[in-house]
Structures are given as C-alpha cells and as structure tokens.
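Everything on this sheet refers to the single structure shown next.
The values are calculated or read from the model by the stated rules, or taken from the named source; none is laboratory data. No experiment lies behind these values; they were computed from the predicted model shown. Cβ placement follows ideal geometry from the backbone for every residue including glycine, while neighbour counts extend to all protein chains displayed.
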Amino acid sequence: DSGVTQTPKHLITATGQRVTLRCSPRSGDLSVYWYQQSLDQGLQFLIQYYNGEERAKGNILERFSAQQFPDLHSELNLSSLELGDSALYFCASSGSGNIGETQYFGPGTRLLVL
Amino acid sequence: DQQVKQNSPSLSVQEGRISILNCDYTNSMFDYFLWYKKYPAEGPTFLISISSIKDKNEDGRFTVFLNKSAKHLSLHIVPSQPGDSAVYFCAASGASGGSNYKLTFGKGTLLTVNP
C-alpha cells in the first residue's frame, strides 16, 4: 500500500460526458502528479501540482483539467469524453516534487468510455 | 517521439537465474533514472533509481547500471524469484522540455520468472 488513494476504482460512462477522478496523496506529500496509461502507450505524464499550484504540464488535452485543493487532495476532470479517453489514470505523490524524488503511485482509476 | 524505450515487451527466465531488463533513452538532458514494478490491478511501485553521476546502484537483489555514453541503462535481478513476475517500467527525469519534474516512462517489459 503506497498510501496514495484514488476514487473511484472503476468508471463507465458515455461519450460526451464529464467525469471527475479524485486522488489523496500520502500524508505529508505536497506534490501530486497525474498519468494516463492507455492500451498501446506507456505511462504518459499529464500534469503536476505542488501545494495547490500547477508546476508542470505534459500531454494533457484541453478537455482535461486538474486542481489541487488546500487539503492537498487533487481532482482530474475529463470532459467531452471520447472513446479514446478509455484508459487507466494514475495519481502519484511525492514530498516536494523536486527532480529525482521518488513518486508513489495510487492503484489507479480505470475509465471506460462507451 | 519516444524518449525512453524498452525494446523487449517481455522476458522469461528461470527461478534462481539472472534477469536483465534493458532501457534506452534519447534525451541527453535526462539525469535521473528510475525503475518501477507493476503488478496487475495495482499502481507502479518504486524499485530503484540512479543518478547520472553514478554508473551503478545496488539494493539487495536489484542492481541498476547506467552507461551515459550509450544512453543505456539496465536492471539486473539476481537471483530471480517467481514473485518478481511483473511489468517493469524504466523512467527518466531531467531538464527536458523545460519541465524537470515529470517522469518519462518506457512502455514496460513483462518479466515472467518460472519456478
């Protein structure tokens, strides 16, 4: 158990809909990262937050957005969903988010868009 | 453009023998490398890391070797155990694309250790 929790574990929705994925980092960690893992791709970095502020952005679509709240939990919002958005979405956390710092991953949310 | 490549999708070894997983990278700005292990239905778990100022790092049965000139790293598991059967991801971070903080992952290698 990494100490990172993600809800829900599974999500099934329809194209065009909007969903929210939630992540609680390990106790004491200030930085949260979101990753997407689709069938034919490795883990793709989406976005990083540190203490409520966006710190780095990766391959995140404009239809996706995220935020980190004062209690440090984070939400990833996916809107206007398409079939290709079906994937595993992982959240990870680390202490300060600096380079080389180990990231601890949650169990993931499996999203299926029908 | 895949900056971190794991060219072997799968590897099968006998229990007790050595497992060698390979990883190549193209971005010379990467200066920190990590290996993660992933079991089905779980998130990746950190295994071992190496900074670019070193060429070897060891932790128990796991050793990571880094060859900067070849832009190549490898993970050695000795001796391999059936519980090591998992997908292994190589990841790198560094001052690439203006974002030091993100990890760039390879697509993973499925290791199967046969009893």
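A few notes on this one:
- Test set (1) out of contact with any Cys (no Cβ under 9 Å at 6 or more places or on another chain); (2) away from every other protein chain (no Cβ under 11 Å) - A:SER74 fails condition number: (1)
- Filter result (in a loop (DSSP other than H, G, I, E, B) and at pLDDT 85 or above) within region B:90-115: B:GLY106, B:LYS107, B:GLY108, B:PRO115
Okay, residues lined up against (1) small (Gly, Ala, Ser); (2) loosely packed, with under 15 Cβ neighbours inside 10 Å; (3) out of contact with any helix residue (DSSP H, G or I) (no Cβ under 9 Å at 6 or more places or on another chain); (4) within 11 Å of chain B (Cβ to nearest Cβ):
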site: A:ASP1; (1), (2), (3), (4): no, yes, yes, yes
site: A:LYS9; (1), (2), (3), (4): no, yes, yes, yes
site: A:THR15; (1), (2), (3), (4): no, yes, no, no
site: A:GLY28; (1), (2), (3), (4): yes, yes, yes, no
site: A:ASP40; (1), (2), (3), (4): no, yes, yes, yes
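- Residues satisfying the stated conditions in region B:21-65, i.e. surrounded by fewer than 17 Cβ atoms within 10 Å (Cβ to Cβ), within 12 Å of another protein chain (Cβ to nearest Cβ) and touching a residue at least 60 places away in the same chain (Cβ under 8 Å): B:MET29
- Strands (runs of 3 or more DSSP E) wholly inside region A:8-114 containing at least 1 residues that are within 22 Å of B:PRO40 (Cβ to Cβ) and among the small types (Gly, Ala, Ser): A:87-94
- When residues of region B:1-54 are limited to those that are assigned to a loop (DSSP other than H, G, I, E, B) and of a type in the set (A, V, I, L, M, F, W, C), the one nearest to A:GLY3 (Cα to Cα): B:ALA41
- Residue within region A:58-65 that is within 9 Å of another protein chain (Cβ to nearest Cβ), surrounded by 18 or more Cβ atoms within 10 Å (Cβ to Cβ) and within 26 Å of B:PRO9 (Cα to Cα) present: yes
- Matching residues, region B:73-83, being exposed (fewer than 14 other Cβ atoms within 10 Å of the Cβ) and of a type in the set (A, V, I, L, M, F, W, C): B:VAL78
- Answer from B:ALA70, B:ALA92, B:ALA86 - the residue that is more than 9 Å from chain A (Cβ to nearest Cβ) and surrounded by 22 or more Cβ atoms within 10 Å (Cβ to Cβ): B:ALA92
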